[in-house]
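These notes concern the structure reproduced below.
The values are calculated or read from the model by the stated rules, or taken from the named source; none is laboratory data. In this text the structure is predicted, and so the values were computed from the model without any measurement. Backbone-built Cβ (ideal geometry, glycine too); neighbour counts: all protein chains shown.
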Amino acid sequence: MAPNRQTSSATPSAMPRLPLRALARRTLALAFVATVLPGCPFIVDWPEPTPIAPPPNTVAPGNNQQLDAGVGLPDIDNSWDATGNVQQRTGNFPAVVAAFVIGNNTGQVRMIRVRPLRSTVKVNCSAVAATPRVAFRNLHFAPAKTWILESGRAMPLVNDPTRDCTVLLVDGSGLERRLLFWTNSAWPHQTLPSVTAQLGSGVGAQRQLAVIAVEGQAEWSTHTVSHAQPTEVDPVAPPGCALPSGEDDLSWTDLPLGTHTLVDLVSAPDGCAALDLLTDAGLERVFVCLPPGFLPFEAGEELFLAGLSTGHNIDPIHGVEMVGDKAHVRIGRGADAVYFGKGDLKITSADGCPGQHDACGTYARALKLDVTLPGKPTQALHPGDNVTLPNGSHFAVLRASDRLIWDTACAADVGSARHVETAWSKP
């Protein structure tokens, strides 16, 4: 091992537990489990995302409703008849502090629904600012909060304090769904009237997302931060640009670090394997999914296992190193590739590749690994590439993408927006 590689002395419980979606979906979870490894304990249920159920209405008649993160409209003294229509309006209408207001200019009471992003969704705001309706999906958003907005009133929309941008889905009674996107630095909070007549034609008008009546129908006025609702279908990816499926991911259970005896190793044709290790605590079975042929160990040899925290360029990864009597294996995922020996590595954008979505709603662009070995021309490696290096070792790229939007509740947590998965094996 090169002296500048870092290994972790953490116990197995301290090592990051990586998602086992691939283990559950590959052939080891089917015929292989049933015939060779009966009763495997590592299969887990990782359901695909499903459309969000219709959100509940949270309406309190008589008062304008407040968003969780918003500055609410002050209470208004209203008198209501038996049908819920306003008969009398009294009281003051103080200003609000917000980035924008939605103003009701239709002459009728309107229901407005607002859906923020889920708290678990991460966003590279600058990377998606040009085409937000292409980047976002409906599943990125939390259930709606509902406002009852009287005609002539304006409700606040505040900046998202957890991100550099604010992203909302809005619709309402008789209104089409719109995607709102703005960067917080471009639209900082300011004091705005909560009455549409006081917004005027200057700065206040620029901060109003107006609902207007056109031939008796309610419509949104145009604004630079207002976009059509998200598209739900990606264009066909050019060759080499498609994101790998979860079935192509590396996967492994928690491995007992230290030196142990490999009692038995049973491999499936797709590269998934069960390893029986004799540890100080007794016999322990662990599971690893790698490209076929990347576990060149044999029963009876001593196997040293160590955690990896950095990769080839000393960028962070979560990984494992396995050293046997003769063979040597490194696997990892994170912002870097595993160390593969002498040579340079540059991770760059794959030319001509647009963003793509996967089953978790992750929106990412494909990357490529430019590998330059001593005395050799640079070779561009893409996900799915498996090459033999001059020293006889093998290096495989299973995933390489730059994540622009991802949900940590579903997508693998690799500690960075860049998601690279690689394996190196020397027989």
Among 149, 117, 157, the single one that is surrounded by 21 or more Cβ atoms within 10 Å (Cβ to Cβ), outside the structural domain of residue 359 (by TED's automatic domain parsing), touching a residue at least 60 places away in the same chain (Cβ under 8 Å) and farther than 18 Å from residue 173 by Cα is 157
Restricting the stretch 379-415 to residues that are of a type in the set (Ser, Thr, Tyr) and under 21 Å from residue 136 (Cβ atoms), the one nearest to the chain's Cα centre (by Cα) turns out to be 408
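Conditions (1) outside any strand (DSSP E or B); (2) within 21 Å of residue 250 (Cβ to Cβ), marked per residue:
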| residue | (1), (2) |
| --- | --- |
| 341 | yes, yes |
| 346 | no, no |
| 351 | yes, no |
| 365 | no, yes |
| 391 | yes, no |
| 406 | no, yes |
| 409 | yes, yes |
| 414 | yes, yes |
| 420 | no, yes |
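Residue under question is residue 351, and the condition is that it be among the acidic types (Asp, Glu), in contact with a His (Cβ under 7 Å, 6 or more places away or on another chain), over 25 Å from residue 261 (Cα atoms) and assigned by TED's automatic domain parsing to the domain that holds residue 390; does it hold? Let's see the steps before the verdict.
On the way: among the acidic types (Asp, Glu): yes; in contact with a His (Cβ under 7 Å, 6 or more places away or on another chain): no; over 25 Å from residue 261 (Cα atoms): yes; assigned by TED's automatic domain parsing to the domain that holds residue 390: yes.
Here the answer is no, as residue 351 does not meet what is asked.
For the stretch 258-274, give me the residue count where each residue is among the charged types (D, E, K, R) and without any contact (Cβ under 8 Å) to a residue 60 or more places away in the chain.
Of the residues in the stretch 258-274, the ones among the charged types (D, E, K, R) are 264, 270.
Next cut, without any contact (Cβ under 8 Å) to a residue 60 or more places away in the chain only: 264.
Residues meeting the conditions: 1.
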Residue 216 vs (1) on the phi < 0 side of the Ramachandran plot; (2) modelled with pLDDT of 85 or more: all pass except (1)
Those residues of the stretch 164-193 that are surrounded by fewer than 17 Cβ atoms within 10 Å (Cβ to Cβ) and either of a type in the set (Lys, Arg) or over 28 Å from residue 130 (Cβ atoms) (or both) come to a total of 4
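Return the residue satisfying two criteria in turn: it lies in the stretch 371-415 and is among the acidic types (Asp, Glu) and touching a Lys or Arg at 6+ places or on another chain (Cβ under 8 Å), and of such residues it is surrounded by the fewest Cβ atoms within 10 Å (Cβ to Cβ).
The selected residue is 407.
Can you pull out every residue in the stretch 220-265 that is over 30 Å from residue 386 (Cβ atoms) and part of a loop (DSSP other than H, G, I, E, B)? Walk me through how you get there before you give the answer.
At the first step, the residues of the stretch 220-265 found to be over 30 Å from residue 386 (Cβ atoms) are 220-233.
Within the stretch 220-265, 221, 222, 223, 224, 225, 229, 230, 231, 232, 233 qualify.
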(message) Among the residues of the stretch 280-301, are any under 30 Å from the mean Cα position of the chain (by Cα), assigned by TED's automatic domain parsing to the domain that holds residue 329 and without any contact (Cβ under 8 Å) to a residue 40 or more places away in the chain?
(response) yes
It is to be established whether one or more residues within the stretch 143-162 are in a strand (DSSP E or B) and under 19 Å from the mean Cα position of the chain (by Cα).
no
The stretch 173-219: strands (runs of 3 or more DSSP E) wholly inside it with 2 or more residues that are within 30 Å of residue 232 (Cα to Cα) are 175-183, 208-214
Kindly indicate whether any position in the stretch 317-326 is at pLDDT below 95, surrounded by fewer than 20 Cβ atoms within 10 Å (Cβ to Cβ) and closer than 29 Å to residue 417 by Cα. no
